[in-house]
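The block underneath contains the structure these notes are about, expressed in structure tokens.
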Amino acid sequence: MAETHVLFVEDDDVIREATTLALERDGFVVTAMPDGLSGLDSFRSNRPDIALLDVMVPGMDGVSLCRRIRDESTVPVIMLSARADSIDVVLGLEAGADDYVTKPFDGSVLVARIRAVLRRFGHAGGPQGGGPEEDASGERGVLLFGDLEVDTEGMEVRKAGASVALTPTEMRLLLEFSTSPGTVLSRDRLLERVWDYDWGGDTRVVDVHVQRLRTKIGQDRIETVRGFGYKLKA
């Protein structure tokens, strides 16, 4: 099995060194950088499998770095934030991060989050039940919702014939909705099925990703059912 390369951007020397050692003990190859600009250079030259970005780093903050990475790649990104209730968490998710971890964190928790994200990115598929119609041409695995086409086998999405670029997390989220059209999916269920959370998670992760997905497939495609969750309009 190929080794997993982690880009870790953290300006605190103690946290950077301790976390790097913890990740290396778990078999990861780590490139650690102290600021956002060197982190961006390292990302472009090394093309890591996953990026861990502290929100508050000098040169280029973690949110801006995440945005630059997302402009160039769909590589998974986990933000590290010192405050669970900080607006930086939402800003990081809006910039394209797939998840976040609050500092101080236990090394085993961080490793579990990394492995969960990598599992999602290794296989973007989800449950493939019946329900939505097939393509009129008989092509299997293509679900149609008006002018929205979801190819569950090719992992492609088209809107009015034009390709829609989704991150693997956004694709998994859309697959959950598209294989259960008209069904209200709770935030907890989405956290479990899309983010592989076996424990309670922050529902802001779901809310921000739903909003990002809406901007790509149409704001009216996914309906908010207050007090319950979301559903894809059949």
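Details
- Loop-exposed GluC sites (Glu not before Pro) per DSSP, neighbour cap 14 Cβ within 10 angstrom, longest uninterrupted part of the chain: 4-132
- Spatially near lysine pairs across the chain, Cα under 26 Å, sequence gap of 8 or more or different chains: 5
- Globularity index of the chain is 1.04 (Cα radius of gyration / 2.2 N^0.38 Å, N = number of residues).
- Cubic angstrom per residue, convex hull over Cα atoms of the range 146-193: 77
- Share antiparallel - DSSP beta bridges, the chain, percent rounded to 5: 45
- Only helices enter this figure: runs of n ≥ 4 DSSP H residues, each worth -39500 (n - 2.57), summed and divided by the residues of the chain, yield -12000 deg cm²/dmol at 222 nm to the nearest 500.
- Helix 203-217 and the long axis of the chain differ in direction by around 60°, with both axes built from C-alpha atoms.
- Within the chain, longest stretch clear of exposed chymotrypsin sites (Phe, Trp or Tyr not before Pro) (DSSP loop, no more than 11 other Cβ within 10 Å): 1-198
Here, each number is a calculation from the coordinates, and none is a lab measurement. Computed from a predicted model, the values in this text were never measured in an experiment. Glycine gets a Cβ as well: all are built from the backbone with ideal geometry, and neighbour counts include every protein chain shown.
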